[in-house]
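Here's the structure, in structure tokens; my notes come after.
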Amino acid sequence: MFQETSSESKPGKKSANEAIRRLDLQIADLQESVRILKSQRNGHLPISTLPVEILTKIFLLHQHNMLVQLLGWIGITHVSQRWREIALNFSDLWIHIPFHHPKWAKEMIARSQHAYPIVKANYIPSSHPSEARRLKNFLQQHLSRVQVLDILCAKPQHIAKLFQDIQPTSVPCLSTLRLSVQSQKSGTAPSAVLDSFQIVDSRLLNANSLRKLNVSTTPRWDLGLFSGLTHLKLHSKLRTQTSQREFLDALRRMPNLQSLQLDGPVLPEAVDKSSLEPVHLPDLRKLDVLDTVPIIEFFLHHVTFPPNTCTAIGCKRRDPVLRLANISPILVLLKRLLSERPRALKLHHINFVCFKERDVWKLKLYGRICPPLQGYHTNSAADFIFFVEWDSYEADTLSPIDELSVDMFGIFPQGDVVSLSLSSYGGTCVRHFARKIGQLPALNALRLNYIPSAPFLQELDCDAPQEGDNLSIPTYPALRCLHFNPNHHIDVPDLTTLYNCLKKRSELGLGPEKLKINLCTLRNLDEQTTALLEKVVEVVSVMNDWNS
């Protein structure tokens, strides 16, 4: 009985399977028809009628917003058939080669066709050999059409290793070259650092379009890449013996330089005894120089630039005690530089910071034409920066800091200072500095951050004995706003003393008219005390906000 039933069911089973197969084919045909109809319908939508030029711009914006290296932007190739065709044939969309991704690196190299690739990659053969190998193979074949070459190496020798196996190549499209080193140890041989960049220079020929150069190495200033640049950034821990004349000649080959950043001992130390003609950089907008006092003095004597250049000058010393004589040569030059600024570019807003970090004392001055915007740090986007750093393991450093502060602050034209923010970390002595601040004729706002207030209150006190020739002239003659922002390690001002002082000044028609106090640290500011102060000044209670 079982066998008969089984045999009788076979024709029925075959018939059902055939019916299902025919229905599946009809379903597939219908789905294809629906897909074609949807595609035709989408073709009539406004977004599908956008010109190719607009779509490609949208693609590039989407790519930028999605972060190029994360590859999430590639999803735009699956939106529609038209979008896919346009994207795949738009070679500029595929110029960011992800060497860390084997599949996509190969695919994008092919899709970029004859466009100008942007190469940002790590070359660290010891830890990422596959990525290093793909990068080297690419440069050996396509270096001539690269527009941006941005490579991070573990040490200078890796730069030499990468370029040694590349034949000298004409790079007419190269506009940006950035060669960074993760860690340049002090024990690295200077010849290894120097030779690495010489090898790079010998491999990149006809770099007439090169405008931006950023290198973590000590250069020879007679190399061919130092020509026609608009942005130059060099940073190193090692100095090579090149002549000052070679450095100035290199600047002359870059007359349109807009940004010059020299971090560390990259300027020549050897003194050229022959007369050297100064170099003027009329288009310079940003200047950063960090070096020793003699080198900075040489630079300021021989390189001139417009007064509106955002300038940062820093000197480092290894003396246990820094004296005024150690930095006085450049103070004179900086004072002259600031005095020559036109009226519209005067630095009215100054921020002074003094602190100690890991046995290194730092004095920093920030100057701004306009006050910082609400919500921005007072040091952000400063128009002028000057700072000094020196090692100190001795306890008698605080007294010279007070004297240094006075002379460093003196580089600013005193009549131009309208607002001043003072910050000190480490209990710095500021007695002479406070007296200097009290004599500023146009100072409208004073902020004391984490700094002892007693010396400044003494200057505010009209009955306190004054030193100097102008004993009859009141201190802080233009002051309108006083802001105390102490921390838990700094004694807060005695409010009774403060009230008596402000009362006398108010009776003489002197400010401040507004008093800002940080509630987070001034715990003894009760209603009674506030009411007392408000008889002579407007009291504004603020939280711990740098820019309140």
- Item | Qualifying positions in the stretch 76-108 - within 17 Å of residue 139 (Cα to Cα), in contact with a helix residue (DSSP H, G or I) (Cβ under 8 Å, 6 or more places away or on another chain) and not in a helix (DSSP H, G or I) | 95, 96, 97, 98, 99, 100
- Under the condition of being out of contact with any Lys or Arg (no Cβ under 7 Å at 6 or more places or on another chain) and surrounded by fewer than 18 Cβ atoms within 10 Å (Cβ to Cβ), which residue from the stretch 248-272 is farthest from residue 171 (Cα to Cα)? 271
- Message: So for the stretch 66-84 (the condition being modelled with pLDDT of 85 or more, over 27 Å from residue 149 (Cα atoms), surrounded by fewer than 10 Cβ atoms within 10 Å (Cβ to Cβ) and of a type outside the set (S, T, N, Q)), does at least one residue qualify?
- Response: no
- Message: I want to confirm something. Restricting to the stretch 154-209 and keeping residues that are modelled with pLDDT of 85 or more and of a type in the set (D, E, K, R), which single residue is nearest to residue 268 (Cα to Cα)?
- Response: 201
- Item | Candidate set: the stretch 354-372, residues that are surrounded by fewer than 20 Cβ atoms within 10 Å (Cβ to Cβ) and of a type in the set (A, V, I, L, M); chosen: the one nearest to the chain's Cα centre (by Cα) | 369
- Message: Every residue in the stretch 265-299 that is closer than 20 Å to residue 334 by Cβ and either charged (D, E, K, R) or part of a loop (DSSP other than H, G, I, E, B) (or both), please.
- Response: 267, 278, 281, 284, 285, 286, 288, 291, 292, 297
- Considering 53, 32, 18, which residue is within 60 Å of the chain's Cα centre (by Cα), at pLDDT 85 or above, over 30 Å from residue 109 (Cβ atoms) and among the acidic types (Asp, Glu)? 32
- Whichever residue in the stretch 469-495 is more than 18 Å from residue 438 (Cα to Cα) and either among the acidic types (Asp, Glu) or modelled with pLDDT of 80 or more (or both) and, among such residues, is nearest to the chain's Cα centre (by Cα): 491
- Message: Is it the case, given these coordinates, that residue 245 is at pLDDT 85 or above, surrounded by fewer than 20 Cβ atoms within 10 Å (Cβ to Cβ) and out of contact with any His (no Cβ under 7 Å at 6 or more places or on another chain)?
- Response: yes
- Residue match in the stretch 422-431 (condition: farther than 16 Å from residue 355 by Cα and in a helix (DSSP H, G or I)): yes
- Of those in the stretch 380-392 that are at pLDDT 85 or above and not in a loop (DSSP other than H, G, I, E, B), the residue farthest from residue 316 (Cα to Cα) is 384
- Message: Restricting to the stretch 358-379, and then to whatever is modelled with pLDDT of 90 or more and part of a strand (DSSP E or B), can you tell me which residue is farthest from residue 311 (Cα to Cα)?
- Response: 364
- Note on the structure: For residue 405, the lone unmet condition from (1) at pLDDT below 90; (2) under 24 Å from residue 483 (Cα atoms); (3) not in a helix (DSSP H, G or I) is (3)
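The values are calculated or read from the model by the stated rules, or taken from the named source; none is laboratory data. Since the structure is predicted, the reported quantities are computational estimates derived from the model, not experimental observations. Please note: Cβ atoms are built from the backbone with ideal geometry, for glycine as well, and neighbour counts cover all protein chains shown.
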